[in-house]
Amino acid sequence: MQMPVEDLSKKILSKQIDKQDAMRLFQSLDKESQQRVLAIVRRAEGIAPAPDGKGAARALQALDQRELGDEHRAWIAALVEKYDRFVPKSKANVLEHQLHFVDQRRAFHLIKDLKKLHFQITYTRAEGAYVHDVDGNRYIDISGDMGVNLFGHRAPFLIKAIKHSLDQGIPLVGYSDMIFRACQLFCEITGHERTLFTQSGTEAVMFAVRIARAATGRKKIVLFDGSYHGLSDAVAATRDLAGNSFPLAPGILQEFAEQIIVLDYGDMASLDVIEQCAAEIATVLVEPVQSRHPYKKPVEFLKALRQLTIEKDIPLIFDEMITGFRVGPQGAQGLFGIQADMATYGKIPGGGLPTGVIAGAAKYLDLVDGGSWQFDDDSMPSAKRTGMAGTHSQNPLKIAAALAVLGEIKKRSAETAPDGTVTCFQDVLNRKTTALADVLNTFFREECLPVVIDTFGSLFRFRFVDSYWGVTEALFFILLRMEGVETNIQGNCFLTTAHSDEDIAAVIAGVKASMSNLKRSGFFREPDQEPPTQDSAALPDTTAFAPSPSGRASPGKDIERLKALLNADLALAEELSLTDELGSLK
Ligand code: PLP
């Protein structure tokens, strides 16, 4: 017998039901009842019109380049003139030096109609929350240096440490005292047993995968759709619609891609695949919250994955390149209560200098150096060792920076408020980021704009729900720059401890002004006429559904959407209770 529609809806909304049970019960309903549950849930979440038509505001749609008309082209031409006056030297630099200077970002996300606006600007200096360009402009920098920047530019403690190290020279062969202390501190903060510095994040992932292969003697690597792990051949694969892996770019061999199994992230069915192929799998590599999709926080999935990989003796690697030290002292592992066998880091612990780090269980890291042995007995390094080296892996300058950053993190994670409570600085920053997103998401809703800001810790990202990198989105980032806010074309934004409340208010004002300008200028259009029960009629939900690549909602997506909604709610609830445990009072 099926559960009454109202009862099931109530359970879902009050979160009295496990999401898997909810899905099971939902799927046992007939089609009509499913539609009724969806309507009730969506209305309660504020993403669908009430039956009386009240609140039936329809989200606008962002323009695609194919939809540009003469009036849009004229507007773009006027913008180009203005932009040329705004950043003339930056533009001239790109033209002048392109013959010799190679940078893949130059062509990244390039839209032909916006070609004249598409170039990186040239910075002259950076200080605190700001970067300055060669044309004399100052920007509030929310690019976060691709996730590196946690304390703002030129943080005095960091500059002092690097200058001091520079004064000691840069010898590369022997050890420095700093490398011992940095590794010790790294283990202490993250809870891992051993730590290895590498030259970049890409290299850390590549070596961690090699360690896992050496440990297990197996070949295959599992990773998840939507993640990014750098571009080493070991992990640079994606999959086609039939699920077959293929290389991410020309020059990467199909033979490498074939060793990589790409699965759906957060989908329990992926665990079945892992279970079936366990005997061949050397490692499961996961970006716990994908920086490109921060709205997915599948805690329950990750816990089940951890359990399964323990049962099958598959080393689990968390790639915490972005989440590590940002969402909390122990990154996503600490927040979700899941310990990986190895975790890869970079960005923040490099303090602005190039680095990567692998931290993990001795069982795995011993495969690099043979583990521990004594000088005065017969003990010897363990025989099985893999190959790993790098001229600059332990470069003292960056180790000095790492030591300073780790020291600062340790100190500031345990700061106490006047009333004696511990106020972890990451929690304060995370709350500021959530508040920024809340204000702007409310604005987007009120203006019927199809845009949502997703956050995880102090990472946030603008998501255009109907389109991916259409002309409106690209123009938004140009206008935002002209409002004095610098982002990264790749899309991730970050707050740092250097951003004051005034800076945050200025970012909010800049976003509102840019979006309003685009709306006024016709870069958001009325949505297609579709039956109002389908997705496109609704204002964007701030927690759920991913953008559809076609730009058009499909009826079959409703179940997916309910699933996403339940997932997001559950993850949020878990995240809140976990951060509470860490002393964060939301
Ligand atoms: N893994 C993740 C999750 C990343 O975000 C990145 C870089 O953005 C990398 C790996 C590669 O790190 P790097 O650029 O330092 O080589």
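The values are calculated or read from the model by the stated rules, or taken from the named source; none is laboratory data. Since we're looking at a predicted model, the values are computed, not measured. Virtual Cβ from ideal backbone geometry, glycine too; neighbours counted across all protein chains shown.
Might you let me know whether the range 266-279 holds any residue that is within 16 Å of the ligand (Cβ to nearest atom), assigned to a loop (DSSP other than H, G, I, E, B) and within 25 Å of the chain's Cα centre (by Cα)?
no
Residues in the range 159-209 that are hydrophobic (A, V, I, L, M, F, W, C) and under 21 Å from E408 (Cα atoms): how many?
Going residue by residue through the range 159-209, those that are hydrophobic (A, V, I, L, M, F, W, C) are 159, 161-162, 166, 170, 172-173, 178-180, 182-183, 185-187, 189, 196-197, 204-209.
From the residues that got through so far, the ones that are under 21 Å from E408 (Cα atoms) too are 159, 161-162, 166, 178-180, 182-183, 185-187, 189, 196-197.
Number satisfying all stated conditions: 15.
R306: in a loop (DSSP other than H, G, I, E, B) and either surrounded by fewer than 15 Cβ atoms within 10 Å (Cβ to Cβ) or more than 16 Å from the ligand (Cβ to nearest atom) (or both), yes or no? It would help to see each step written out before you state the result.
Values: in a loop (DSSP other than H, G, I, E, B): no; either surrounded by fewer than 15 Cβ atoms within 10 Å (Cβ to Cβ) or more than 16 Å from the ligand (Cβ to nearest atom) (or both): yes.
Taking the combined requirement at face value, the residue does not satisfy it.
Is it true that some residue in the range 245-264 is in a loop (DSSP other than H, G, I, E, B), farther than 26 Å from V452 by Cα, among the polar types (S, T, N, Q) and more than 16 Å from the ligand (Cβ to nearest atom)?
Yes; the residues of the range 245-264 include at least one that is in a loop (DSSP other than H, G, I, E, B), farther than 26 Å from V452 by Cα, among the polar types (S, T, N, Q) and more than 16 Å from the ligand (Cβ to nearest atom).
So in the range 182-212, with the set limited to residues that are assigned to a helix (DSSP H, G or I), in contact (Cβ under 8 Å) with a residue 40 or more places away in the chain and of a type outside the set (A, V, I, L, M, F, W, C), which one is farthest from the ligand (Cβ to nearest atom)?
Going through the qualifying residues, I end up with E188.
Please name all residue pairs, on different chains or six or more residues apart, with Cβ atoms under 8 Å, provided the first residue is in the range 93-104 and is surrounded by 11 or more Cβ atoms within 10 Å (Cβ to Cβ) and the second residue is among the aromatic types (F, W, Y) and modelled with pLDDT of 95 or more.
V94/F119
Does the range 26-47 contain any residue that is closer than 27 Å to Y468 by Cβ, assigned to a helix (DSSP H, G or I), at pLDDT 75 or above and not polar (S, T, N, Q)?
Yes; the residues of the range 26-47 include at least one that is closer than 27 Å to Y468 by Cβ, assigned to a helix (DSSP H, G or I), at pLDDT 75 or above and not polar (S, T, N, Q).
Considering only residues of the range 150-168 that are in a loop (DSSP other than H, G, I, E, B) and touching a helix residue (DSSP H, G or I) at 6+ places or on another chain (Cβ under 8 Å), which is farthest from L429 (Cα to Cα)?
Result: Q168.
Of all residues in the range 107-116 being farther than 17 Å from G491 by Cα and of a type outside the set (K, R), which is surrounded by the fewest Cβ atoms within 10 Å (Cβ to Cβ)?
Once the filter is applied, the top-ranked residue is D113.
Return yes or no: is E188 of a type in the set (D, E, K, R), at pLDDT 95 or above and within 15 Å of G324 (Cα to Cα)?
Numbers: of a type in the set (D, E, K, R): yes; at pLDDT 95 or above: yes; within 15 Å of G324 (Cα to Cα): yes.
Here the answer is yes, as E188 does meet what is asked.
Search the range 213-238 for residues being closer than 16 Å to I314 by Cα and in a loop (DSSP other than H, G, I, E, B), and hand back the single one that is farthest from the ligand (Cβ to nearest atom).
Per the stated criteria, the residue is G217.
Looking at the range 337-359, which of the residues that are buried (at least 24 other Cβ atoms within 10 Å of the Cβ), within 12 Å of the ligand (Cβ to nearest atom) and in a loop (DSSP other than H, G, I, E, B) is nearest to the chain's Cα centre (by Cα)?
K347
Among (1) out of contact with any Asp or Glu (no Cβ under 7 Å at 6 or more places or on another chain); (2) on the phi > 0 side of the Ramachandran plot; (3) of a type outside the set (F, W, Y), there is one condition A161 misses while meeting the rest; what is its number?
Every condition holds for A161 apart from (2).
Please give the number of the condition Y295 fails out of (1) free of Cβ contacts under 8 Å to residues at least 12 places away in the same chain; (2) among the aromatic types (F, W, Y); (3) in a loop (DSSP other than H, G, I, E, B).
For Y295, the exception is condition (1).
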